[in-house]
Structure formats: structure tokens, C-alpha cells
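Enquirer: I have a structure I would like to understand better, so I am pasting it below and will then ask my questions one at a time.
The values are calculated or read from the model by the stated rules, or taken from the named source; none is laboratory data. Fair warning: this is a prediction, and the values are worked out from it, not measured in the lab. Here Cβ is always computed from backbone atoms with ideal geometry, including for glycine, and neighbour counts include all displayed protein chains. To get the accessible areas, we keep the full protein, side chains included, count just its heavy atoms, and leave off ligands, DNA and RNA. Shrake-Rupley method; radii C 1.70, N 1.55, O 1.52, S 1.80 Å.
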Amino acid sequence: MSYGQGGPPWGQGDRGPQGQQPYGQQRPATPDWEALASASEARGRKRRWTLIGGGAVATVAVAALVATLVVRANSDDPKASDPIGGVSSSSALPEDTTAPAPSFSEVAPPPPPDPKDFVSSAEKDKAPLTALSLYPGRKLTVGDRVYAKGALHRTTKCASGTQGALGQVLTKNGCEQLIRATYRRDGVAVTVGVATFKTADVAARVKEETNGNVASLAGEGVPTFCRTTVCRSTANAYGRYVYFTVGGFTNGDNVTKQDRAVFTTGDDVAEFTLRQIHRRGVAQASQAAAAQ
């Protein structure tokens, strides 16, 4: 084969050996669509991973910021409550340093008055005292026992309401007044007598010197009793008051140690009398405390 004039020319439309096109003018190659699709898919995956990676970074950044806020909120640093401005919220409300600090008295309040003090001397025991104020109502109820109230009596001549040597004892010690009341139940009657003195010391002495007893008080459905028969009697003192009881049967029978009804009635009436005297002290102590 000759490359000179005598050889066959390679012109347009003619192919060279083995069907190759001449180097002078080449026809555009057919695109490799499969390769292009693979490359595009690869670029898409890369872009998605880039976006996902960016989101993860942002998430991590937000989590770190939240963690910082939590740590700073729990920190003792005064700036921790304001992570942005670095100024605590408490600084926005200045304290009033001119206000005086609260003060408390070092003097303890006085103790409440003792009720017994007010019924232990005539100087303090100023509340009105009558037979009705000491023994109000028409009956006395103690548990399941109900006693009907009989006659009442008050006198400043204390010896007139006594029998035996008691009148002399009361008069000698300056008895101010003697109040008597009678209660009855189921054939048993008890008269209680309350005598007042200037001081508790005098009343205590009268109790020790007691001889004889108060005279039973009849009336209001109660016959005369305990004048000529054996009866049960008691004597006690509280404050400037001395109170006595005499009790027995309204039918005139003598009292024995086995007659528990007489003993119970006398104890109930005596206990009620003690409580009434104490209530006087409580009322007057309360008034004194309120006045303070």
C-alpha cells in the first residue's frame, strides 16, 4: 500500500481499516447513559449525606447549647441564670438596703395568771358571788346521775347555818358569808355549805379546826334530815373557800358505811362545788390576761 498519489484516498464517507473513521473528522461518540445515571445517583447520595451530616452537626450544636444552659442554670455562678447576657435575673431587682432589719423582743411574755390566785384572797376575788351564781339551774347532772336542786340560802351570820362547834370556828376566823344548797335523789339528800374568808391561809386553818358541821337545809320538797340521826359529813378548802357537806336519808334512817348512795351523792355535790369555785378563778384570770 502506498501513501503517495497512487494510493487510495481516505475521503468523506470512506472508512479506514477495520471500519475506523479518519482522524481528521470524527463523529461525536454516543453518550454512556448508564454511566451518567450512576454518576448522578452518586452525586445525589453525596448531597443527601451532606445534608444529613449538616443536620447532625446542627443537632449536636443545639444539644450542646441546651446542656450548657442546664449546667449554667444549676451552677452557683451568679451569671448562670442569664447565659446570654451574663447578668443574673436577681440583679434586675436591686435590694432595698435602707429597710430596717426585723427585730424581736428578748423579753418573754408574762405567764398567764393562775386561776387559783384569784380565789385565794378577797383583794383579787372581786366577781359577784351569790347562792344562785354558785349553784345555778334546777338540777345537777353527774354522768348518769341526776339530782334535783332543793332550797338555797345565803347569810353573813355564818354561825346561824351551822350545828355543833362549827359556828364558833367560823366566827373566830372572820367568816364573811355562808351559802347553802341542797340536792336530792332517790331518798338521799345532801346539803353543801360554802364559807368565805379573807385569805387562803385562814381557810386552810378553818378546815383543820372544823368541829361539827353545817346544818342541813330543808325545803323545796326536802324534809328536815340529818338533825338527830347519823349522817355523813365532809370538809375541804380551796383558795379562800371552805366547803362542807352533810348527807343522809330523808326518811330518818342512820347512814352506815355500806350506804354507797349517800357517799356518792355527797362526793358528786362536793366535786361540783369545787369546780364552781375554780371556774370563778378561771373567769377572773381570763379578764386579767385580756386587760394586759
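Enquirer: Go through region 207-232 and give me each residue that's surrounded by fewer than 22 Cβ atoms within 10 Å (Cβ to Cβ) and in contact with a Phe, Trp or Tyr (Cβ under 8 Å, 6 or more places away or on another chain).
Expert: THR210, ALA218, THR229, ARG232
Enquirer: Identify, by number, the condition in (1) more than 21 Å from ASN211 (Cβ to Cβ); (2) aliphatic (A, V, I, L, M); (3) under 46 Å from the mean Cα position of the chain (by Cα) that VAL188 doesn't meet.
Expert: The single condition VAL188 does not satisfy is (3).
For (1) among the charged types (D, E, K, R); (2) surrounded by 13 or more Cβ atoms within 10 Å (Cβ to Cβ); (3) under 27 Å from CYS175 (Cα atoms), each residue gets a yes or a no:
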position: THR234; (1), (2), (3): no, yes, yes
position: TYR241; (1), (2), (3): no, yes, yes
position: THR245; (1), (2), (3): no, yes, yes
position: VAL262; (1), (2), (3): no, yes, no
position: ASP268; (1), (2), (3): yes, yes, yes
position: GLN276; (1), (2), (3): no, yes, yes
position: ARG279; (1), (2), (3): yes, yes, yes
position: ALA288; (1), (2), (3): no, yes, yes
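Enquirer: Assess whether GLY187 counts as being touching a Lys or Arg at 6+ places or on another chain (Cβ under 9 Å), small (Gly, Ala, Ser) and either crowded, with 18+ Cβ neighbours inside 10 Å or at positive phi (or both).
Expert: So GLY187 does not fit the description; no.
Enquirer: Might you let me know whether region 122-143 holds any residue that is under 19 Å from SER216 (Cα atoms), part of a strand (DSSP E or B) and either open to solvent by less than 10 Å² (accessible area, probe 1.4 Å) or not polar (S, T, N, Q) (or both)?
Expert: yes
Enquirer: Is one or more of the residues making up region 159-180 within 30 Å of GLN258 (Cβ to Cβ), within 45 Å of the chain's Cα centre (by Cα) and either surrounded by 13 or more Cβ atoms within 10 Å (Cβ to Cβ) or at pLDDT 95 or above (or both)?
Expert: Yes, that holds for at least one residue.
Per-residue answers, yes or no, for (1) touching a residue at least 40 places away in the same chain (Cβ under 8 Å); (2) farther than 24 Å from VAL206 by Cα:
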| residue | (1), (2) |
| --- | --- |
| PRO113 | yes, yes |
| ALA127 | yes, no |
| LEU132 | no, yes |
| LEU140 | yes, yes |
| GLY143 | no, yes |
| HIS153 | yes, no |
| LYS157 | no, no |
| SER160 | no, no |
| LEU166 | yes, no |
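Enquirer: Quick one: THR273 ticks every box in (1) outside any strand (DSSP E or B); (2) in contact (Cβ under 8 Å) with a residue 60 or more places away in the chain; (3) among the hydroxyl-bearing types (Ser, Thr, Tyr); (4) over 29 Å from GLU123 (Cα atoms) bar one, so which box is it?
Expert: Checking THR273 against (1) outside any strand (DSSP E or B); (2) in contact (Cβ under 8 Å) with a residue 60 or more places away in the chain; (3) among the hydroxyl-bearing types (Ser, Thr, Tyr); (4) over 29 Å from GLU123 (Cα atoms), the one that fails is (4).
Enquirer: Continuing with the same structure: Take region 243-265 and flag every residue that is within 40 Å of the chain's Cα centre (by Cα) and under 21 Å from ALA203 (Cα atoms).
Expert: TYR243
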